[in-house]
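The values are calculated or read from the model by the stated rules, or taken from the named source; none is laboratory data. Since this is a predicted model, take the numbers as computed values, not measurements. Cβ atoms come from the backbone with ideal geometry, glycine included; neighbour counts cover every protein chain shown.
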Amino acid sequence: MLTVLGLSACEKVITPELNSGEPRIVIEGNVTNETGPYTVRISRTADYYQPDESQGVAGALVTIRDEQGGLDTLTYVGEGNYRTRRIQGVVGHTYQLAVTVDGTTYQARSTMPPVVKLDSLSFEVETLGDIIYANYTDPVNATNYYRWVMYVNDRKQSDVFANDDRLNNGLKTRQALFLTSNTSTDLETGDRVRVEMQCIDPNVYTYFFALSQVLGSGNNQAATPANPPTNLSGNALGYFSAYSVTSNRLTVP
């Protein structure tokens, strides 16, 4: 049986209080099942919805600890980016991020889910525009949460795609990925498309699903602006995700 998913409206969006006027710390960090190093970016912004105004934060103490007791102190490499030196992501392991800026410590935990293979990509021209489909089989007897990241001609697209498997648990699935962030949503013959399929934990899914609705991008409809719920403590914005990933490529015919 084949399930085709278009709009990703799978659960009610959490809309916490928006407070875009005060300077906030924004943390965006990842650990994956691919070989490191991994990067954590720290910035400070007066408005989360104007990322071009954010400024990288130097001088922070950034550590990632794994459940085996390993501790990695990240190295600052410029523009708010901190890079791991030794830690390697392992499926099923839980990772704890700690960031200390100006005497305040922000923390988050994330567990890396099992890998789900992205079997192929396909391309179709439809009335809504050009659509890339991510084709995969969702595992049965498990709750899975996904995020897709698309690159066109090696350029990362800003659309946010996130979905769970409530409607397609255990089924072969075609996930429609609508491009909405480009000046033109039409792909051209010869364009090179690469899609990463990330298996993420529930808290990270809640963040990206809410963010997609706030931005009105990807497959989801816009909602009243609100800061997406984060798994970070200390009133920080952003997220920390330990995720497993596979990818696939397509050249537009």
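Observations on the model:
- Any hit, the stretch 190-210, residues being charged (D, E, K, R), closer than 27 Å to Ala242 by Cβ and free of Cβ contacts under 8 Å to residues at least 12 places away in the same chain: no
- Selection from the stretch 78-110 of residues that are in contact with a Pro (Cβ under 8 Å, 6 or more places away or on another chain) and at negative phi: Arg83, Thr84, Arg85, Val91
- Criterion violated by Glu126 - all others in (1) surrounded by 20 or more Cβ atoms within 10 Å (Cβ to Cβ); (2) closer than 12 Å to Phe178 by Cβ satisfied: (1)
- Sole exception among (1) surrounded by 19 or more Cβ atoms within 10 Å (Cβ to Cβ); (2) modelled with pLDDT of 95 or more; (3) assigned to a strand (DSSP E or B); (4) within 16 Å of the chain's Cα centre (by Cα) for Val193, by number: (4)
- Restricting attention to the stretch 129-179, the residues that are assigned to a loop (DSSP other than H, G, I, E, B) and in contact with a Ser or Thr (Cβ under 6 Å, 6 or more places away or on another chain) total 8.
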